[in-house]
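Asks: I'd like to ask you about the structure that follows.
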Amino acid sequence: MCFRRISFLIALSMMAFLPSCTPTDNSRQWPQFHGYMGTGILDNADLPETWNLETGENIRWKTAVPGLALSSPVIWNDKIFLSTAVSSTQLDSLKIGLYGDIDMASDMSVHQFKVYCLDKKTGKIIWDRISFE
């Protein structure tokens, strides 16, 4: 009897620390490469069909992110999460395996692998953290 009461009190106290927020509709998020469930589809997204970086047509904001940010962004509610690799030499080089050129880049410098969190509406960097160096 005492064990059940203690277990109940522990469970009840743990629930008090859970965030109190409205449930998120996961199907409206972009949690991975190709989005929710890897389908590459987000119904009723109301996205522009054309855009132009030079004129700014249908471009809401631009934010400079250092390094080679080659991963898929994660979009969750009002935040965008990006990862990037920043070379200590400040010379970002990329060798891709197209056309038979599969040699590694010669950059053996120390890299900071960073995660950035941006505001989806403004592009402002909310925070950045080094995940590995």
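The values are calculated or read from the model by the stated rules, or taken from the named source; none is laboratory data. Keep in mind the model is a prediction, meaning the values are calculated, not measured. We place every Cβ from the backbone using ideal geometry, glycine too, and count neighbours over all the protein chains shown. The accessibility values were calculated without ligands, DNA or RNA, using every heavy atom of the protein model including side chains. Shrake-Rupley method; radii C 1.70, N 1.55, O 1.52, S 1.80 Å.
Asks: Using the structure shown, decide if TRP61 is in contact with a helix residue (DSSP H, G or I) (Cβ under 8 Å, 6 or more places away or on another chain) and closer than 30 Å to HIS111 by Cα.
Replies: Numbers: in contact with a helix residue (DSSP H, G or I) (Cβ under 8 Å, 6 or more places away or on another chain): no; closer than 30 Å to HIS111 by Cα: yes.
Here the answer is no, as TRP61 does not meet what is asked.
Asks: Quick one: in region 14-55, which of the residues that are more than 20 Å from LYS120 (Cβ to Cβ) and open to solvent by less than 60 Å² (accessible area, probe 1.4 Å) is modelled with the highest pLDDT?
Replies: Within region 14-55, the match that is modelled with the highest pLDDT is ASN52.
Asks: Still on this structure, please answer the following. Go through (1) at pLDDT 90 or above; (2) more than 22 Å from GLN29 (Cβ to Cβ); (3) in contact with a Ser or Thr (Cβ under 6 Å, 6 or more places away or on another chain) one by one and return the number of the condition ILE59 breaks.
Replies: Condition not satisfied by ILE59: (3).
Asks: Within the group SER83, SER87, which residue is small (Gly, Ala, Ser) and at pLDDT below 90?
Replies: Numbers: SER83 fails: at pLDDT below 90.
Sole residue among the options that is small (Gly, Ala, Ser) and at pLDDT below 90: SER87.
Asks: Please enumerate the residues belonging to region 56-91 that are open to solvent by less than 50 Å² (accessible area, probe 1.4 Å), of a type in the set (Gly, Ala, Ser) and over 12 Å from the mean Cα position of the chain (by Cα).
Replies: GLY56, GLY67, ALA85, SER87, listed by residue number.
Asks: Could I ask something else about it? Checking PHE3 against (1) open to solvent by 80 Å² or more (accessible area, probe 1.4 Å); (2) modelled with pLDDT of 65 or more, which test does it fail?
Replies: That leaves (2) as the condition not met.
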